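The values are calculated or read from the model by the stated rules, or taken from the named source; none is laboratory data. Computed from a predicted model, the values in this text were never measured in an experiment. Virtual Cβ from ideal backbone geometry, glycine too; neighbours counted across all protein chains shown. For accessibility, only protein heavy atoms count, side chains too; no ligands or nucleic acids. Shrake-Rupley method; radii C 1.70, N 1.55, O 1.52, S 1.80 Å.
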Amino acid sequence: MKNDDELNRRSKAIKHVSLIGIIANLLLLTLKFIVGFMAKSQAMLADSLNSAGDIFASFMSYIGAKISSKPNDDDHPHGHGKAEYVFTQLISISMIVASVMMINSSIESIINKAQVEFSIWLVIVCVITIFTKFLLYLYTRVKGKKHNSLLIEASMEDHRNDMFVTLGTLIGIVGSYLGYYYIDGIIGIFISCWIAYVGFGLFKTSYKVLMDTNIDEEKQKDIENKVMEFEEILHVDSMISKPIGNKNIIILKVSMNGEMTINVSHDIAGKIKDKLIKEFDYIYDVIIHINPH
């Protein structure tokens, strides 16, 4: 089956990307936390928290990909695609909780006028992080385009944003070294707010899928136009979708000539289904109900 083969390829790619992300971020987390703790840098500690969140996200993505790649069974006739989004919910909630804790710590550092003990290692860690994240960004960009995976593309965006987050950390470190103690805490707050923003975004995206939100109007119009290319179709009466992972089951009600035989109408419905699945990569299956007109 085309969908099953594609799902397996995507699953392997996601797991491979996740494992590389876990290893890289684990190394970065260790460096950031040790150096940030020794230098009392809230910005660096917040950045290490960001790496911890990346590790957890990669680990959850790996488990989600492993579960979602399981074949259909009696309890899950449409597969396990939503597993990715269940784990995304866990990732988003943990990111939001962690960001709130870090914001509180950064505010305390500003109030208490905590000074950063400058170390050249702070700068070195920032440079290493930016370079590593740039390489990961390029790698996930290639993989994301090849496999058309939303999870891999999300990792790509995360790596790109991490480069700018760490650049902000570097600015905070230099600012504190020059005597502007509050810059480190402010940068820590901004980084934590960014983590919370990403967390809310992940929660919103996964929530829509888990709550079976319909596809947008533009996609509905594209599908309707393809269906109406068949001259036997008099009208598209209704269209709803059911998300399963990164694809959708489309349920159509169409009007055809009531005098048409069952064999002919069934053949036309089959052709419509094949055409829609071939034309739109976000469609997993199509169910068509024919109304006699």
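Express as a percent, rounded to the nearest 5, the fraction of DSSP beta bridges in segment 176-293 (both residues included) that run antiparallel.
50 percent
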Report task. Could you provide, to the nearest whole Å², the per residue accessible area of the chain with probe 1.4 Å? Result -> 54 Å²
Query raised in the report: Binned at 10 Å from 0, what are the whole-percent values of the Cα-Cα distance distribution for segment 145-200, short to long?
Result: 23, 39, 24, 11, 3
Report summary line: Kirkwood-based Rg/Rh on the Cα set of segment 155-249 evaluates to 1.32
**Report entry** Sulfur and carbon atoms: percent of accessible area, the chain [1.4 Å]
**Finding:** 64 percent
Report task. Let me have the relative contact order for the chain, percent, based on Cα pairs under 8 Å that are six or more residues apart. Result -> 19 percent
Report summary line: In segment 231-293, the GluC sites (Glu not before Pro) that sit in a DSSP loop and have at most 12 other Cβ atoms within 10 Å of their own Cβ are Glu231, Glu259
Query raised in the report: Once you treat every alpha carbon in the chain as an equal point and sum by Debye, what is log10 I(q)/I(0) at q = 0.13, 0.15, 0.16 Å⁻¹?
Result: -0.89, -1.06, -1.15
Query raised in the report: For the chain, list the DSSP H helices whose alpha carbon atoms reach 30 Å or more along the long axis and whose average Kyte-Doolittle value is 0.0 or above?
Result: 2-39, 42-68, 83-111, 120-147, 150-177, 181-210
Report summary line: Out of Leu170, Leu45, Leu252, a Gaussian network model of the chain with alpha-carbon springs under 10 Å gives the largest mean-square fluctuation to Leu252
